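Peer 1: Submitted below is the structure of interest, expressed as structure tokens.
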Amino acid sequence: MESRSFYNEILTEHNIRPYYKHDIVNPDYTLEGVNPNCGDDIFIKLKCDGDVITDAAFTGDGCAVSQASADIMMGLIIGKKKDEALHLADVFIRMIKGEASEEEIDSLEEASALRDISHMPARVKCAVLGWHTLEELLGDNLPQR
Amino acid sequence: MDGKLYRADFPIFQIEKSMYLDNAATSQKPQCVIDAEYDFYKSMNANPLRGFYPLSVKATEAYEEARSKVKGFINAASEKEIIFTRNTTESINLIAYSYGLINLCRGDEIVVSITEHHSNLLPWRMVANRTGAKIKYLYPNQNGEFDIKSIDEAITEKTKIVAMGQVSNVLGSLNPVEYVIKKAHEVGAVAVIDAAQSAPHMPIDVQKMNPDFLAFSGHKMFGPMGIGVLYGKKELLEKMPPFMEGGEMVDIVRFDYTKYSELPHKFEAGTVNAGGAVALGAAIDYIGKVGFDVMSQIEESLTKRAFEGMKNIPHLNILGADNAEGHHGIISFTIDDVHPHDVSAILEADGIDVRAGHHCAGPLLEYLGVNSATRLSLMFYNTEEEIDAFIKSLSSIREKMGFKD
Ligand SMILES: Cc1ncc(COP(=O)(O)O)c(C=O)c1O
């Protein structure tokens with residue numbers, strides 16, 4: 001695949017000028033996610049009001065794919081209920097595996113810009129790092145799980 | 001000047017169209033090496049050193065002839081000093097277990113340069129942890145050069161082992177191994193040289209260099225994976241206990257008594273990689289045919305071309321020496337604000353194979369203040385066109401990542 005189309009504008013913008021890459025004081029949840037092979041290393045922080053995610057941000061270091069993906073994710077989950085966020089994570093991860101329907105991919109809004117990563121096996125881990133970390137972080141805390 | 005002429009020797013270049021610039025990770029294999037391994041299994045296959053029937057004798061002879069070739073390759077005094085292992089990592093572990101653990105104790109020091117590959121660092125850390133000895137690091141300057149004074153200060157009466165690579169797999173720097181070996185000997189320490197990145201590119205004469213141990217991997221010098229070499233001085237090897245116990249390394253085994261075989265077999269427990277050794281012998285013949293002089297001439301010229309092209313790219317930072325001569329075919333670099341994995345992904349999309357990451361040299365990158373880097377590594381079969389394509393792709397990276405300058 002041509003590299004130009006894969007590093008599209010949405011991805012490079014979120015990488016260079018992330019909205020949600022900063023610290024949160026007194027977060028309700030913090031979890032580190034790492035890809036040991038390539039060194040992507042991020043910390044996800046969430047603030048919640050009951051079941052609703054009121055603020056989300058991340059810090060850390062990694063490739064453009066991991067950083068942009070985490071940044072887009074934060075924008076999507078703020079204001080959502082925890083189980084809605086988990087549902088998005090599930091859809092995103094399935095999109096990257098090439099298993100999500102068009103309708104589901106549409107529901108991911110901006111995150112759908114990363115769909116082409118499904119053709120790049122070497123980058124899949126980078127794309128899902130933030131989402132996996134979110135799943136891990138919320139999954140254990142949900143009453144229904 | 002480049003290696004076009006030699007590309008026909010390597011069948012992979014007819015099949016695989018990507019540009020292979022990751023030669024420090026492993027080299028490509030010429031047809032003669034592939035044939036040698038194939039021929040061994042086709043016409044000589046029997047378990048060497050075990051049977052007395054002609055086929056086993058033939059296999060044994062082929063295996064031992066490969067050992068002689070290795071002996072010649074590094075100008076060792078005797079075949080007894082050449083031990084076949086799987087790779088550099090195993091060779092160094094052998095020394096760590098059979099020499100380090102036996103001879104070191106609390107209060108002793110192991111001097112290791114910070115530029116080392118994990119394979120020449122973690123075994124020493126293990127020895128230190130288990131014996132109570134201490135690791136002392138040698139630090140180079142930003143250009144990758146070791147200052148004589150810091151070597152003199154680091155190596156003291158407490159030093160029992162000094163471990164250093166001849167060429168750094170990240171910086172491409174050629175280290176002052178002769179000086180370090182001399183210093184080690186002055187205080188009665190042994191010197192362990194990791195030649196993984198030098199053996200494929202320059203002649204090694206162990207009698208001149210005078211290391212106590214020297215390790216390298218077949219796969220980085222046109223040989224197959226799974227065969228490596230440990231050179232050790234006979235007097236030291238003779239006193240060391242075996243690294244592994246089992247078949248083929250014992251002469252007598254009674255109910256309560258074992259007599260180990262003579263060198264080098266004492267250190268080659270179990271069925272050996274004879275096919276690999278024979279093919280490594282073919283790789284040595286191949287190097288002899290092309291000649292290190294020709295190979296280095298091409299590699300130096302290609303390194304210069306790459307180095308100069310890279311120097312002209314804004315926001316590109318080269319790790320190590322600020323001249324091509326200090327790089328020996330290896331140029332690691334970073335691009336401002338672009339993660340090395342994005343660099344390698346863009347190169348990859350343009351058909352160029354390089355490696356990004358920590359290059360198994362975590363402490364060195366930490367010392368240099370970078371998390372990871374992308375590495376170009378050359379071999380004499382690379383071409384000017386490949387270098388130019390690499391430079392062109394590199395020049396486009398910042399723009400592709402959304403930067404305006
Ligand atoms: C300097 C150096 N030492 C040791 C090694 C380890 O070699 P191997 O993986 O063949 O044991 C390498 C290869 O990556 C190397 O570059």
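Peer 1: Can you tell me which of B:246, B:281, B:226, B:270 is under 27 Å from residue B:44 (Cβ atoms), in the same structural domain as residue B:59 (by TED's automatic domain parsing) and either aromatic (Phe, Trp, Tyr) or within 15 Å of the ligand (Cβ to nearest atom) (or both)?
Peer 2: Testing whether each residue is under 27 Å from residue B:44 (Cβ atoms), in the same structural domain as residue B:59 (by TED's automatic domain parsing) and either aromatic (Phe, Trp, Tyr) or within 15 Å of the ligand (Cβ to nearest atom) (or both) leaves just B:226.
Peer 1: Does the stretch A:100-109 contain at least one residue that is touching a Ser or Thr at 6+ places or on another chain (Cβ under 7 Å) and within 14 Å of chain B (Cβ to nearest Cβ)?
Peer 2: Taking every residue of the stretch A:100-109 in turn, none turns out to be touching a Ser or Thr at 6+ places or on another chain (Cβ under 7 Å) and within 14 Å of chain B (Cβ to nearest Cβ).
Peer 1: Scanning for something of a type in the set (D, E, K, R), away from chain A (no Cβ under 11 Å) and either on the phi > 0 side of the Ramachandran plot or not in a strand (DSSP E or B) (or both), does the stretch B:369-384 turn up at least one residue?
Peer 2: yes
Peer 1: Which of the residues belonging to the stretch B:119-162 are over 28 Å from residue B:332 (Cα atoms), open to solvent by 20 Å² or more (accessible area, probe 1.4 Å) and not in a helix (DSSP H, G or I)?
Peer 2: Listed by number, the residues that qualify are B:132, B:134, B:156, B:157, B:158, B:160.
Peer 1: When residues of the stretch B:377-402 are filtered for being over 22 Å from residue B:9 (Cα atoms) and in contact with a strand residue (DSSP E or B) (Cβ under 8 Å, 6 or more places away or on another chain), how many remain?
Peer 2: 7
Peer 1: In the stretch B:163-189, what residues are among the hydrophobic types (A, V, I, L, M, F, W, C) and either under 24 Å from residue B:357 (Cα atoms) or open to solvent by less than 10 Å² (accessible area, probe 1.4 Å) (or both)?
Peer 2: Hits for the stretch B:163-189 are B:163, B:164, B:167, B:170, B:171, B:174, B:177, B:180, B:181, B:184, B:189.
Peer 1: Quick one: what pairs do we get from the stretch B:250-267, first residue in contact (Cβ under 8 Å) with a residue 24 or more places away in the chain, second of a type outside the set (A, V, I, L, M, F, W, C) and open to solvent by 20 Å² or more (accessible area, probe 1.4 Å), C-beta under 6 Å, 6+ apart or different chains?
Peer 2: Sorted first by the residue in the stretch B:250-267, then by its partner, the pairs are B:263/B:80; B:264/B:80; B:266/B:260.
Peer 1: Restricting the stretch A:37-49 to residues that are part of a strand (DSSP E or B) and either within 12 Å of chain B (Cβ to nearest Cβ) or farther than 16 Å from residue A:135 by Cα (or both), which is least open to solvent (accessible area, probe 1.4 Å)?
Peer 2: A:40
Peer 1: Would you check which residues across the stretch B:333-359 are part of a loop (DSSP other than H, G, I, E, B), within 16 Å of the ligand (Cβ to nearest atom) and open to solvent by 50 Å² or more (accessible area, probe 1.4 Å) and list them?
Peer 2: Within the stretch B:333-359, just B:358 meets the criteria.
Peer 1: Against the definition (crowded, with 18+ Cβ neighbours inside 10 Å and either among the hydroxyl-bearing types (Ser, Thr, Tyr) or free of Cβ contacts under 8 Å to residues at least 24 places away in the same chain (or both)), how does residue A:101 come out, yes or no?
Peer 2: In short, no.
Peer 1: Can you confirm whether the stretch B:21-38 contains a residue that is open to solvent by 60 Å² or more (accessible area, probe 1.4 Å), of a type in the set (Ser, Thr, Tyr) and in the same structural domain as residue B:261 (by TED's automatic domain parsing)?
Peer 2: yes
Peer 1: Assess whether residue B:162 counts as being among the hydrophobic types (A, V, I, L, M, F, W, C) and within 15 Å of the ligand (Cβ to nearest atom).
Peer 2: So residue B:162 fails the test.
Peer 1: From the list A:89, A:100, pick out the single residue that is outside any loop (DSSP other than H, G, I, E, B) and either at pLDDT below 95 or within 28 Å of residue A:49 (Cβ to Cβ) (or both).
Peer 2: Among A:89, A:100, only A:89 is outside any loop (DSSP other than H, G, I, E, B) and either at pLDDT below 95 or within 28 Å of residue A:49 (Cβ to Cβ) (or both).
Peer 1: Does residue B:93 satisfy the criteria of being at positive phi and open to solvent by 20 Å² or more (accessible area, probe 1.4 Å)?
Peer 2: no
Peer 1: Something else now. Mind telling me which of the residues B:94, B:121, B:101 ends up being within 11 Å of the ligand (Cβ to nearest atom), of a type in the set (A, V, I, L, M, F, W, C) and assigned by TED's automatic domain parsing to the domain that holds residue B:46?
Peer 2: The conditions single out B:121.
Peer 1: Now a separate question. Tell me whether the stretch A:19-30 contains one or more residues that are closer than 30 Å to residue A:51 by Cα, modelled with pLDDT of 95 or more and within 14 Å of chain B (Cβ to nearest Cβ).
Peer 2: Yes - at least one qualifying residue is present in the stretch A:19-30.
Peer 1: Restricting attention to the stretch B:275-328, which residues are over 29 Å from residue B:32 (Cα atoms), part of a helix (DSSP H, G or I) and open to solvent by 20 Å² or more (accessible area, probe 1.4 Å)?
Peer 2: B:304, B:305, B:308, B:311, B:325
Peer 1: Could you say whether any residue in the stretch A:76-89 is more than 14 Å from chain B (Cβ to nearest Cβ) and at positive phi?
Peer 2: yes
Peer 1: Now a separate question. Which one is surrounded by the most Cβ atoms within 10 Å (Cβ to Cβ), of the residues in the stretch A:6-18 that are of a type outside the set (Ser, Thr, Tyr) and at the interface with chain B (Cβ under 8 Å from one of its Cβ atoms)?
Peer 2: A:15
Peer 1: Output the number of residues of the stretch A:91-103 satisfying the condition of being under 16 Å from the mean Cα position of the chain (by Cα) and farther than 20 Å from residue A:129 by Cβ.
Peer 2: Qualifying residue count, the stretch A:91-103: 0.
Peer 1: Any idea which residue in the stretch B:229-272 is surrounded by the most Cβ atoms within 10 Å (Cβ to Cβ), counting only those that are in a loop (DSSP other than H, G, I, E, B) and touching a strand residue (DSSP E or B) at 6+ places or on another chain (Cβ under 7 Å)?
Peer 2: Per the stated criteria, the residue is B:268.
Peer 1: So, in the stretch A:50-82, how many residues would count as being open to solvent by 40 Å² or more (accessible area, probe 1.4 Å) and at pLDDT below 95?
Peer 2: 3
The values are calculated or read from the model by the stated rules, or taken from the named source; none is laboratory data. Predicted model only: the values in this text are computed from it and were never measured. FYI the Cβ positions are ideal-geometry reconstructions off the backbone, even for glycines, and counts take in every protein chain you see. Ligands, DNA and RNA are stripped out before the accessible areas are found, and what is left, the full protein with its side chains, is counted by its heavy atoms. Shrake-Rupley method; radii C 1.70, N 1.55, O 1.52, S 1.80 Å.
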